[in-house]
Amino acid sequence: MLNLPVALLCLASAPTATDATPIAVFDFAAVGLGDETDRGLGRSLAAIVAAEVQALGHRTISSADLDAMLSLEKQKDLLGCEENTSCLAEIGGALGVELMVAGTIGRLGGSYTLTLTLIDTRRAEVRQRFQGEAGSTDVLANTARRGVGVLFEKTVDVKGTGILVVRTEPDGGEILLDGKPVGRAPATLDEVPAGEHQLSARLGEQQGTLDVRVRSGQVERVTIRLQAGPGVTVKILSTPPDATVYLDGAVRGTTPLVAADVAAGLHTVRLEAPGYLPLEQSITLSREEYERGGEVPLKVELALREHVTLLPVPVGVSAGAAADGRALGDGVALAIELFVEPLPWLEVGLGYTSPVAATLTLRWLPLHGGLELGLIARGVAFAESPTLRDGSPAVAGGLCAGWFSEVGLGELGVRLEVLLSRQLKPARIDLWTVPVALSAAWRI
């Protein structure tokens with residue numbers, strides 16, 4: 001619906017008139033509309049027309065001025081005149097104006113028709129007439145402005161039909177012409193009535209709107225840019241409460257959390273709480289559902305599973321393969337290990353590498369949980385394996401990297417270890433090896 005306060009503001013701020021002879025602009029008669037719509041739409045259009053006439057350099061007498069200047073009897077006569085030229089001319093003469101603009105707004109099918117008439121009150125004749133069509137109330141204001149241009153010979157009138165070639169960015173949007181679906185972009189719309197129309201398009205939660213003017217016999221090419229609509233408010237609850245909320249990877253607070261102005265569409269929610277397994281879930285926020293519910297925050301409720309621990313400190317087991325990094329083709333050894341975490345970020349492991357090698361390992365893991373990175377110190381006894389030769393003890397040190405993920409009971413992960421080993425044999429100083437091990441681990 002046209003905005004009456006905005007229209008009146010435009011009227012008040014129009015340029016100072018230079019024509020000494022005022023032009024009266026009556027409220028428009030409405031045909032085929034509801035009573036409330038009649039009054040609001042007719043008065044709003046008249047205010048817009050008055051502002052446009054004043055912008056052309058003429059003084060205008062508005063509807064409020066007419067109410068003050070005309071007697072009650074004359075106002076009743078005016079309401080009954082509608083498009084009767086002699087009747088309007090008689091009232092215009094009583095007002096002392098030489099020109100008057102009268103109008104009628106009505107419905108024709110799904111469109112609006114607007115008729116504007118410029119009347120010479122001295123001759124009681126129509127000087128100029130305009131008839132236009134608008135697909136919706138959203139573009140009626142533009143039709144009225146064009147009509148004023150036609151009345152005062154500033155604009156050439158348009159009639160007939162034209163062609164609209166419509167694209168959307170991104171491509172594939174559903175196109176609506178004056179609120180009616182007409183296809184999916186890119187699309188060519190034939191025989192579109194000349195005049196003002198509103199094009200809109202939507203693709204998922206993205207939408208866009210564009211006002212267009214169609215000229216007779218012309219091809220108009222337009223592109224509608226689609227953007228995410230207004231955001232929604234979402235309320236995230238968890239069992240237990242006070243869980244940290246990550247929305248699309250960014251920390252937003254703790255539950256219960258109310259997040260405003262979140263873009264409609266697909267999002268990822270992750271919850272973390274001490275003693276519970278992390279929970280990650282995809283949610284879809286619908287702007288349509290949000291508006292249908294009276295813009296009450298959309299509720300998301302999630303329940304975390306408790307992290308079960310069977311022992312006072314974490315313990316685990318790993319199994320994998322080890323080889324000499326300098327000579328990977330010489331053979332691969334089976335490596336298994338039991339380990340315990342007596343302190344945070346510190347692991348102590350006891351392992352076995354085939355055919356005969358016992359290992360004692362210390363791991364310092366400053367980056368711990370999910371991604372792991374750290375240093376290793378290892379002692380080897382009874383060495384006889386593809387990674388150690390001559391059956392002598394050895395010491396080694398190096399780097400460890402891994403990735404662990406929470407499961408129902410404990411954590412599962414993989415580890416890669418790269419070390420430099422020195423065999424403890426005084427008679428030989430060149431017995432260096434580069435053990436490389438890849439293993440799977442389970443930690444509870």
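Among the residues of segment 204-230, those identified as of a type in the set (A, V, I, L, M, F, W, C) and surrounded by fewer than 18 Cβ atoms within 10 Å (Cβ to Cβ) are L210, V219, V222, A228. For segment 169-185, the set of residues classified as surrounded by fewer than 18 Cβ atoms within 10 Å (Cβ to Cβ) and touching an Asp or Glu at 6+ places or on another chain (Cβ under 7 Å) consists of P181, R184, listed by residue number.
Taking the residues in segment 333-357 that are within 54 Å of the chain's Cα centre (by Cα) and not in a strand (DSSP E or B) as candidates, determine which candidate is surrounded by the fewest Cβ atoms within 10 Å (Cβ to Cβ). Residue satisfying both the conditions and the ranking: P344. Of all residues assigned to segment 287-307, none qualifies as being crowded, with 18+ Cβ neighbours inside 10 Å, touching a Lys or Arg at 6+ places or on another chain (Cβ under 6 Å) and at pLDDT 90 or above. Is it true that some residue in segment 220-230 is part of a strand (DSSP E or B) and in contact with a helix residue (DSSP H, G or I) (Cβ under 6 Å, 6 or more places away or on another chain)? No, because not a single residue in segment 220-230 is part of a strand (DSSP E or B) and in contact with a helix residue (DSSP H, G or I) (Cβ under 6 Å, 6 or more places away or on another chain).
From the list L210, L257, the lone residue that is at pLDDT below 90 and either more than 30 Å from I444 (Cα to Cα) or hydrophobic (A, V, I, L, M, F, W, C) (or both) is L210. Against the condition in a strand (DSSP E or B) and touching a helix residue (DSSP H, G or I) at 6+ places or on another chain (Cβ under 6 Å), how does E133 come out, does it pass? So E133 fails the test. If only residues of segment 231-250 that are modelled with pLDDT of 90 or more, outside any loop (DSSP other than H, G, I, E, B) and of a type in the set (A, V, I, L, M) are counted, the one that is most open to solvent (accessible area, probe 1.4 Å) is L237.
The values are calculated or read from the model by the stated rules, or taken from the named source; none is laboratory data. Note that the coordinates shown come from a computational prediction; the quantities given were computed from them, not determined experimentally. Every residue, glycine among them, receives a Cβ derived from its backbone with ideal geometry; neighbour counts consider all protein chains shown. SASA here: full protein model, heavy atoms, side chains in, ligands and nucleic acids out. Shrake-Rupley method; radii C 1.70, N 1.55, O 1.52, S 1.80 Å.
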